[in-house]
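Undergrad: Right, I'll just put the structure down here and ask away after.
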Amino acid sequence: MVTSTEKFSELLTGTAELRAEVELVVNAAPVMDVHTHLFPPEFKELSLFGIDELLTYHYLTAETFRSARIPYDRFWAMSKMDQADMVWKTLFVDNTPTSEAAQGIISVLDVFRLDTRARELNEARAFFNSQNLSDHIDQVFDIAGVSGVVMTNDPLDEAESRIWKSGGNGDRRFKSSLRLDRLFNGFESRSAPSIRRMLDQSIQLLNPVYIAASLPADFQYPSNDSREWLLDEVVLPTAKEHGLALTLMIGVRRGVNPGLREAGDGLGRADVSAIESLCERYRDVKFLVTFLSRENQHELCVAARKFNNLMPFGCWWFLNNPSIVSEITRERLELLGTSFIPQHSDARVLEQLIYKWKHSRKEIADALADSYERLLTSGRAVTAEEITRDVNRMFAGNFADWVG
Ligand code: FIX
Ligand code: ZN
């Protein structure tokens, strides 16, 4: 009789059983979500959940303005519920919800057995309004298979700082990060010691897993500008001293269309050599990096082959679509093996974790199964044990190594 241990280390020589095993393992593996905009209940209005927040997500408002001919200011003057009603009518009733963000809503409603073809939102509102938030967080994390999330914490945000100072976050699943966009992109001339003091105090208060910033498509390093000064004189010395990784999200063009508010940002192709220079100059600092432009993905993989202190992560924002997640995951497997972090959700609303991980796990499983199938054809079968090891590495291990 074949024991489960023997079964676990049995060679999977049939493509059907191999693919089935990969799907099973990828869908069951707990994932550490390395970048989100989620907050636990203690952060009150920053902690978003429910159908009205889901439908007024900036991905969907951008899509709504393409089909509903409404002046921006009239839309923004509406209540959140009225905005959600308009998004639902425009994208889910008057049109078929084919976009990734719209299909995401359908996936969430379906998981909670809510009517995905409803003409109005009464049933959905009643359901989400009846949820106890902390139980709901447990349920959503469980459904999505998320073991923990990294928040986006701005030390210069007064409302958020007040909450941290009054006790902050008691839920260990919500890890903090130190997001320094205001320093990097709205730099007021402050002395290095004063910024350093602010960073040290924030690190003390928030205990972040990494320091982070999003940077524009024209980011250069070295650049002989305030960003280079900030990196060399303050941020990287601070990261080194506190043993923190630096997470850089590069390629956003903020406010391309301000009328769309949060939905108004665009992207641009960036210069990957800036990251190579940083990794070269700071060999003893670990960098977590994602680029927003599809055209930068191959370059990032190659840069990571040159610098083992560079960890590519996620299919960020406009790349978080099944066809592109599939493409990026496949080239990363081919160029980096399993030494990368395939995805992050960037969730802003709690229930988004459900669809963003369900949809990404499918593409990651397909890409991984194809990789193992090619390996089999090349003459080496894998075991269920090896598949589990590889998936755990990509979904949690690589990040744990990086942030210690
Ligand atoms: O810079 C970021 O963290 C971006 O993810 C956000 O600014 C963006 O609005 C977003 O939510 C993307 O998914
Ligand atoms: Zn984000």
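The values are calculated or read from the model by the stated rules, or taken from the named source; none is laboratory data. Every value quoted in this text rests on a predicted model; they were computed, and no experiment measured them. When we count neighbours, we look across all protein chains shown, and the Cβ atoms used for this are built from the backbone with ideal geometry, even at glycine.
Undergrad: Of the residues that sit in region 176-233 and are farther than 19 Å from Ile163 by Cα, within 16 Å of ligand 1 (Cβ to nearest atom) and polar (S, T, N, Q), which one is farthest from the chain's Cα centre (by Cα)?
TA: Restricting to residues being farther than 19 Å from Ile163 by Cα, within 16 Å of ligand 1 (Cβ to nearest atom) and polar (S, T, N, Q), the top hit is Asn185.
Undergrad: Just for helices (runs of 4 or more DSSP H) wholly inside region 6-78: which have at least 2 residues that are buried (at least 21 other Cβ atoms within 10 Å of the Cβ)?
TA: 15-28, 51-55, 58-67
Undergrad: When you check Leu350 against the structure, is it within 16 Å of ligand 2 (Cβ to nearest atom) and more than 12 Å from the chain's Cα centre (by Cα), yes or no?
TA: Here the answer is yes, as Leu350 does meet what is asked.
Undergrad: Now for a separate question. Looking at region 296-309, is at least one residue in a helix (DSSP H, G or I) and of a type in the set (Val, Ile, Thr)?
TA: Yes, region 296-309 contains a residue that is in a helix (DSSP H, G or I) and of a type in the set (Val, Ile, Thr).
Undergrad: A further question follows. Restricting to region 149-171, count the residues that are at negative phi and either of a type in the set (A, V, I, L, M) or not in a helix (DSSP H, G or I) (or both).
TA: 15
Undergrad: Filter region 277-299 down to residues that are over 23 Å from Trp317 (Cβ atoms) and among the acidic types (Asp, Glu), then give me how many there are.
TA: Total meeting the criteria: 2.
Undergrad: What residue, of Gly251, Gly264, is surrounded by fewer than 21 Cβ atoms within 10 Å (Cβ to Cβ), within 16 Å of ligand 2 (Cβ to nearest atom) and either at pLDDT 95 or above or not hydroxyl-bearing (Ser, Thr, Tyr) (or both)?
TA: Just a single option satisfies the conditions, and that option is Gly264.
Undergrad: Would you be able to tell me the number of residues in region 234-276 that are of a type in the set (Ser, Thr, Tyr) and within 13 Å of ligand 1 (Cβ to nearest atom)?
TA: 1
Undergrad: Please tell me if Asp135 is outside any loop (DSSP other than H, G, I, E, B), within 30 Å of Val209 (Cβ to Cβ) and away from ligand 2 (no atom under 16 Å from the Cβ).
TA: Here the answer is yes, as Asp135 does meet what is asked.
Undergrad: I need every pair where a residue in region 359-373 that is closer than 22 Å to Val111 by Cα and among the small types (Gly, Ala, Ser) has its Cβ under 6 Å from the Cβ of a residue that is surrounded by 19 or more Cβ atoms within 10 Å (Cβ to Cβ) and modelled with pLDDT of 95 or more, sequence separation at least 6 or different chains.
TA: Ser360/Val325; Ser360/Gln343; Ala365/Val22; Ala365/Val26
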